[in-house]
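The values are calculated or read from the model by the stated rules, or taken from the named source; none is laboratory data. Computed from a predicted structure; not experimentally measured. Cβ placement follows ideal geometry from the backbone for every residue including glycine, while neighbour counts extend to all protein chains displayed. Accessible surface is based on the protein model in full, side chains and every heavy atom, while ligands, DNA and RNA are left aside. Shrake-Rupley method; radii C 1.70, N 1.55, O 1.52, S 1.80 Å.
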Amino acid sequence: MSLLSVKNLNLSIHGVPILKGLDFEVQPGEVFGIVGESGSGKSMTALAAMGLLPEGAVASGTAHLEGIDLLSTPEAQMCGLRGNRIAMIFQEPMTALNPVKTIGDQVAETLVIHGRASKAEALKIAREKLDRVGLPAARFPLDRYPHELSGGQRQRVVIAQAIALRPQLLIADEPTTALDVTTQAQILKLLKSLVNEEGMALILITHDLAVVSDIADHVAVMKLGEIVETGTTVDIFRNMQHPYTKQLFAASSHVPERVADAKDAPILEVVNAVRTYAMPREKLFRKPPRFKAVNDVSFTLFQGENLGLVGESGCGKSTLTRAILGLDALDSGQIRLFGQSVTPAMPNTLRAGVQVVFQDPYGSFNPRWKVERLVAEPFHLMVEKPADSRARVAEALDSVGMKPADMGKYIHEFSGGQRQRIAIARALILRPDLIVLDEAVSALDVSIRAQILDLLADLSDRLNLSYLFISHDLSVVRAITDRVLVMKAGQIVESGDTEDVFTNPQHAYTRELLAATPRLPDNAVA
Amino acid sequence: MRLPRTLILGGGLFAVFLAAALVSFLWTPFDVEILNIPSKLQKPNAVFWLGSDHLGRDILSMLMVGARTSIAVAIVAVGIGIGLGLPLGLWAAANHGSWLDEVIMRGNDLVFAFPSLVIAILITAVFGPSALNAIIAIGIFNIPVFARISRGAALSIWTLDYILAARVAGKNAVRISVEHILPNIANLLIVQGTIQFSLGILAEAALSYVGLGAQPPTPSWGRMLADSQTMISFAPHLALFPGLAIVFTVLGLNLMGDGLRDILDPKIRRSRR
Amino acid sequence: MLRFASIRLVSLSLSLLAASIVIFAVVEVIPGDPASYMLGMNAQEDTVAALREQLGLEGSIVTRYFTWVTGMLQGDFGTSYTYRVPVSELILARIWISLPLAVYALALSTIIAFPVGLIAAAQRGKATDTGIMAATQLGVAVPNFWFAMFLVVIFAIKLRWFSAGGFPGWDEGFWLSIKSLTLPAIALALPQASILARIMRSSILDTLDQDYIRTARAKGLTRRQAITRHALRNAMIPVLTIIGMQFSFLLAGAIIIENVFFLPGLGRLIFQGITQRDLIVVESVVMLLVFAVITVTFLVDLAYAAVDPRLRRR
């Protein structure tokens, strides 16, 4: 018999339909993957099963957990089930824990609230559970507070809370999306081992096909509130039926077509760059220690080249980016653009040679400006605004596949992918030689991401642009760059032609990164 | 877009008093500077709609002129607060983490240690009592309020990518503050401005009540309350109407502030969507 | 925690130092000589000279400032010109009315606001919530001294439950004194309680939107348990700020409301000081008020650290 049996689940929020007739079954002790892009309704499916739907949501249908219909169970009884027989963990570990309570208290609370143990016993069990999720007593005593832990460690605490009562079903909603790739691999491994050893079932909700292909037994693919395809992981990847599944798969492994035509002329030279930050004082009257965010970095970027820079959060790539853009000064070393020195005080004409596209399509634009003014902002670098400014904005918009008529609109009228196109138009408007792409496709759904990568490849061929492509996502870097630098703790640990580095990594850290990256099965057929 | 009920109600209430203040420049039922002892202490009637005080002056006329004082003091005080607090806050945010930021914020903390009454006491002790004192005292207290709120809001905007984009476009901190930060914190300032406006009305009333604000013969609501105090047991209307005037003006402004927040604050708008 | 407290203590001393300089400077800018200003235009030369001597006005600004500050540190606030007694005596006689009144009002305001704000938050959108919000909206708009006048009419003149004003003195019995401070404290507290209840409500609602509340609910906590076990303590952080700021409002309010109830507190002293140009009294009382406000800010900072572990390590 299935552990969880969902039949004809419909959901609307304030009358807007979100889920349409979902049917799926989860067997005891299996990993059930739900994959979909944003807006597919995958998170709402989980919240419906937990009985934690937002206000205004109306659900119909049934979701039986061993005979109990979770949708019709009254709230009082649901409280007895949640955390006890069915548990859930969420995407953002940084905010998932109460900042003013110790981790021990928060894990013990699960046991206390269900009346399974006295406070003292609960703390003892909490200790065992924290050990179980890889937070040993020596380094993580029960009286630690969440702010003393990293994101990955906090996610482990959240998992310990969720498994404290050995629930039959654990729902994990994008549990690793906010984490670095090596941390992601560790958390996924932990979840997998919990499923095997504790005999619980796991519903893993993710946008990442590669993650489900790694660990799920069954997969459901969701699109716009419907399950378009479901089956065993092996079957699905061997023999995709639905066009959307095929499209998703193709987009996930998309490699844009482009011509590698790097010239031998250096555009950007970084020589022994060092940048440090003051850390909090240890003693009141002693000089605060300094942290080397960028530690002796050197590299050269050639004309027409796509250079990748990969590394996990905190490796110093953002600091390096800011120095290259001439926003922050270096402590020592040099950055040269076309042979001229890059500093915060560099002349506007030099500044015009390098432009940037950021990660967040929502925070990249002043919400009170119209697109014309947004795209034209870099004209500030020119001695005077060109007379044909409007025509040039139209041309830039056209080259990224937007309409000149979009000039009169505000940014909130566009989707994430369109905003990223507008951001590229803004970077193109001065016809620079170098564009820094700072996680420029990381926040996008895979199908949109594939389109933007195609656009970037096309632009670099047509306009002979060079890219410095900064990303934590190795598969994207592999798809679009000629050469790659691997950065760790402020230093470049490995560099070389992209294919060489990916097929024959030399440094242990590069190997670790590659091993941690979830991969789509090689024998998959779209 | 449908306007929130609070905004309509609050705006209506405040508009009544604003109109009364404006009309008082052209016309009042009676001249408030002429004493009319024979008709003193009248209950509300057909001639004196809201009654008359112990010197025979018409309460309604005095309320109208008093509205002028209250609103003028509060407006100028808010103006001082925004005029000085906003640039200080923007400046501190633009130099976040530097000694300049630290100095501005510590200066703010220092001013917060002087409630506006205390400032008014100090100024009055030195320069003697006047309505100007009330303006300066309330205005000074408003400076750190606006400095703090604009710094906080500006700081969160400084972390956004469009600020980085503007810096890549070669714009300096002043230009970024004016072009990008200011339009995006204007909503917050409008809402806070309404709140400080209402607090200003209350503070002005309190200061003139204890004799640190507008001086006789200039009518002010607080002064009228102070005069009525000894007669409250046999002429409660003298205390009732100025008090109600204060309550309704402040209530109107607060409701307006709530309504404005509903339509202007993007945080709330987002959660409604 | 100790480290945090000592850092805050240093900043408290610096604030006091800066405040004393500001107050001293303001009194210094008086056009002309403070002594002749105090005595008025027609004062005799030797009277002025005698007062200058008495006020310690001889010597440079810096020495006079240090004489003033070191005197205050030893409890010597100088001698009042009009009363001809040490200012410290005048203050001591009155501070035990104003300060208890402010503390009494703060306690009342907090005791009223907490449950009211909590109930409104728990009943969000329901009739109780709407009613509480409307009542507090009105409460915020009422000037406390006006409210006080009508409290006197109703509870002292009509019902005769309380006396209309005056203060028997703590020697005459604790409860008798408390009783005579009750009407003023209620008048001060209700408007502040309205503000605090609104802050409390919105702070709890903000907290309820946080991710960790969802985590708590996923563990099986009921909505009520999530509020009491997780939302409340986090919601206290902004509420503490407001309580700290309210103390300074209440202290200032106490000074004003003493007028309504004929209480012989600091308010009476300072307003007499102003009309009689007794600058030394004004200066000292203002310094004392500022001292009280800064000290309360310090205590609020300590309370922050007790609530929020993230602050303790800084």
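Over chain C, what is the relative contact order in percent, taking alpha-carbon pairs closer than 8 angstrom and at least six residues apart?
It rounds to 28 percent for chain C.
In nm, to one decimal, how far is the modelled label at B:Val103 from the one at A:Ala262, with both set 7 Å along Cα→Cβ?
About 4.9 nm, to one decimal.
Restricting to chain A, what percent of DSSP beta bridges are antiparallel, rounded to 5?
About 55 percent, rounded to the nearest 5.
Can you compute the modelled spin-label distance between A:Glu25 and B:Trp27, with each label point 7 Å from Cα toward Cβ, in nm?
Rounded to a tenth, the inter-label distance reads 8.6 nm.
Where Lys and Arg each count +1 and Asp and Glu each count -1, what net charge lies around A:Ser5 among other residues with Cβ under 12 Å from its Cβ?
Local net charge: -3.
Taking the Cα atoms of the protein assembly as shown, report the difference between the largest and smallest coordinate on each principal axis, in whole Å and largest first.
Its Cα atoms span 105, 72, 62 Å along the three principal axes.
Which semi-axis lengths, in whole Å and largest first, follow from the square roots of five times the eigenvalues of the Cα gyration tensor of chain B?
Semi-axes (√(5λ), whole Å): 42, 22, 13.
Calculate the FRET efficiency for C:Gln44 and C:Thr275 from the Cβ-Cβ distance with a Förster distance of 30 Å, rounded to the nearest 0.05.
Using R0 = 30 Å, I get an efficiency of 0.85.
Would you calculate, for chain A, the mean residue ellipticity at 222 nm contributed by helices, counting each DSSP H stretch of 4 or more residues as -39,500 (n - 2.57) and dividing by all residues, to the nearest 500? Present the calculation step by step, with values, prior to reporting the outcome.
On the way: 18 runs with 177 residues, N = 526.
So the calculated ellipticity at 222 nm is -10000 deg cm²/dmol.
For the range A:430-503, what mean projected area does the convex hull of the alpha carbons give, in nm²? Write down the numbers at each step before the final one.
Working: hull surface 22.7 nm².
About 5.7 nm², averaged over all directions.
In the range A:43-76, whose amide N lies under 11 Å from the spot 7 Å out along Cα-to-Cβ of A:Arg116? List them in ranges.
none
Find the all-direction average of the projected area of the Cα convex hull for the range A:1-114, expressing the result in square nanometres with one decimal place. Walk me through the intermediate numbers first.
Values: hull surface 33.5 nm².
Result: 8.4 nm².
At R0 = 30 Å, how high is the FRET efficiency between A:Glu499 and A:Arg336 if r is their beta carbon distance? Nearest 0.05 is fine.
Here the calculated transfer efficiency is 0.60.
Around A:Ala262, what is the net charge, scoring Lys/Arg as +1 and Asp/Glu as -1 over all other residues with Cβ under 10 Å from its Cβ?
Details: positive: A:Lys263, A:Arg483; negative: A:Asp261, A:Asp264, A:Glu305, A:Asp482.
Spelling it out: positives minus negatives among the neighbours equals -2.
Pick from C:Phe150, C:Phe298, C:Phe114: which is most flexible by mean-square fluctuation in a GNM of chain C where alpha carbon atoms under 10 Å apart are linked?
In the Gaussian network model the winner is C:Phe150.
For chain B, return all DSSP H helices satisfying: extent of Cα atoms along own axis at least 24 Å; mean Kyte-Doolittle hydropathy at least -1.0. List each step's numbers first, then the result.
Working: long enough: B:5-26 (32 Å, 2.00); B:59-94 (51 Å, 1.86); B:131-158 (39 Å, 1.39); B:182-209 (39 Å, 1.13); B:236-264 (41 Å, 1.21).
Answer set is B:5-26, B:59-94, B:131-158, B:182-209, B:236-264.
Tell me, what is the percent relative contact order of chain B, built from C-alpha pairs under 8 Å that lie six or more residues apart?
27 percent
With springs only between Cα atoms under 10 Å, which of C:Ala122, C:Ala113, C:Ala134 fluctuates most in a Gaussian network model of chain C?
C:Ala134
Please identify the GluC sites (Glu not before Pro) of the range A:231-339 that satisfy two criteria: DSSP loop assignment and at most 15 other Cβ atoms within 10 Å. Which are they?
A:Glu257, A:Glu282
Could you please put C:Trp170, B:Trp49 in sequence from largest to smallest accessible area, using a 1.4 Å probe?
B:Trp49, C:Trp170
Rounded, prolate or oblate: which fits chain A, taking a ≥ b ≥ c as square roots of the Cα gyration tensor eigenvalues, rounded meaning a/c under 1.5, else prolate when a/b beats b/c?
Working: a/c = 1.97, a/b = 1.49, b/c = 1.32.
Here chain A falls in the prolate category.
Is there a simple number for the mean count of other chain Cβ atoms within 10 Å of the Cβ of residues in B:119-127, and what is it?
That average works out to 6.
Connecting C-alpha atoms closer than 10 Å in a GNM of chain B, tell me which of B:Ile59, B:Ile181, B:Ile82 has the biggest fluctuation.
Its mean-square fluctuation being the largest, the pick is B:Ile181.
Just the number: Rg to Rh for the range A:318-474, Cα atoms, Kirkwood Rh, two decimals.
For the range A:318-474, the value is 0.95.
So how far, in whole Å, is the C-alpha centre of the range A:447-508 from the one of the range C:244-314?
63 Å
Under a point-charge model restricted to the Cβ atoms of Lys and Arg (+1) and Asp and Glu (-1), what is the dipole moment magnitude of the range C:87-313 relative to its Cα centre, in debye to the nearest 20?
With only Lys, Arg, Asp and Glu charged at Cβ, the dipole is about 1140 debye.
Mind giving me the nanometre distance, one decimal, between the label points for B:Leu55 and A:Ser38, set 7 Å out from Cα along Cα→Cβ?
According to this spin-label approximation, the distance is 6.7 nm.
In whole angstrom, how far apart do the alpha carbon centroids of the range C:139-188 and the range B:189-263 sit?
21 Å
Percent relative contact order of chain A, based on C-alpha pairs within less than 8 angstrom and at least six residues apart?
Answer for chain A is 15 percent.
In the range A:462-526, how does Rg compare with the Kirkwood Rh, expressed as the Rg/Rh ratio over alpha carbon atoms?
For the range A:462-526, the value is 1.01.
Measure of size requested: the Rg and Dmax of the range C:173-274, with Cα atoms as the atom set and Å as the unit; please supply both.
When restricted to the Cα atoms of the range C:173-274, Rg and Dmax are 19.7, 63 Å.
Work through the residues other than C:Ile95 whose Cβ is under 14 Å from its Cβ and net out their charges, Lys, Arg +1 and Asp, Glu -1.
So the surrounding residues net to 0.
Regarding the range B:34-74, what whole-number volume in Å³ per residue does the convex hull of its Cα atoms give? Write down the numbers at each step before the final one.
Working: hull volume 2.7 nm³, N = 41.
Hull volume normalised by residue count: 66 Å³.
For the range C:87-313, what size does the Cα cloud have along each of its three principal axes, sorted from largest down, in whole Å?
66, 48, 31
Amide H to amide H under 5 Å from A:Glu229: which residues, 5+ apart in sequence or cross-chain, H placed 1.01 Å off N in plane?
For A:Glu229, whose amide H was placed from the backbone, the distant partners under 5 Å are A:Val221.
I'd like the GluC sites (Glu not before Pro) in the range A:374-432 restricted to DSSP loop residues with at most 14 other Cβ atoms within 10 Å, sorted by number.
A:Glu384
Once fully extended, how much extra length lies between A:Ile68 and A:Glu384, figured as 0.36 nm per residue of separation less the alpha-carbon to alpha-carbon distance?
My answer for the length gained is 106.6 nm.
Rounded to the nearest 0.05, what FRET efficiency do B:Phe127 and A:Val234 give with R0 = 56 Å and r taken as the Cβ-Cβ distance? Could you check?
Calculated transfer efficiency: 0.05.
May I ask for the distance between the Cα centers of the range A:302-357 and the range A:366-423, given as a whole number of Å?
First find each Cα centre; the distance between them is then 24 Å.
Give the percent of DSSP beta bridges with both residues in the protein assembly as shown that are antiparallel, rounded to the nearest 5.
Numbers: 49 of 87 bridges.
Of all bridge pairs located within the protein assembly as shown, approximately 55 percent are antiparallel.
If you take each beta carbon of peptide A:92-99 and count the beta carbons of other chains within 10 angstrom, what is the mean?
Mean inter-chain Cβ contacts per residue within 10 Å come to 5.
C:Arg94 accessible area, nearest 10 Å², 1.4 Å probe?
Surface open to solvent at C:Arg94 totals about 50 Å².
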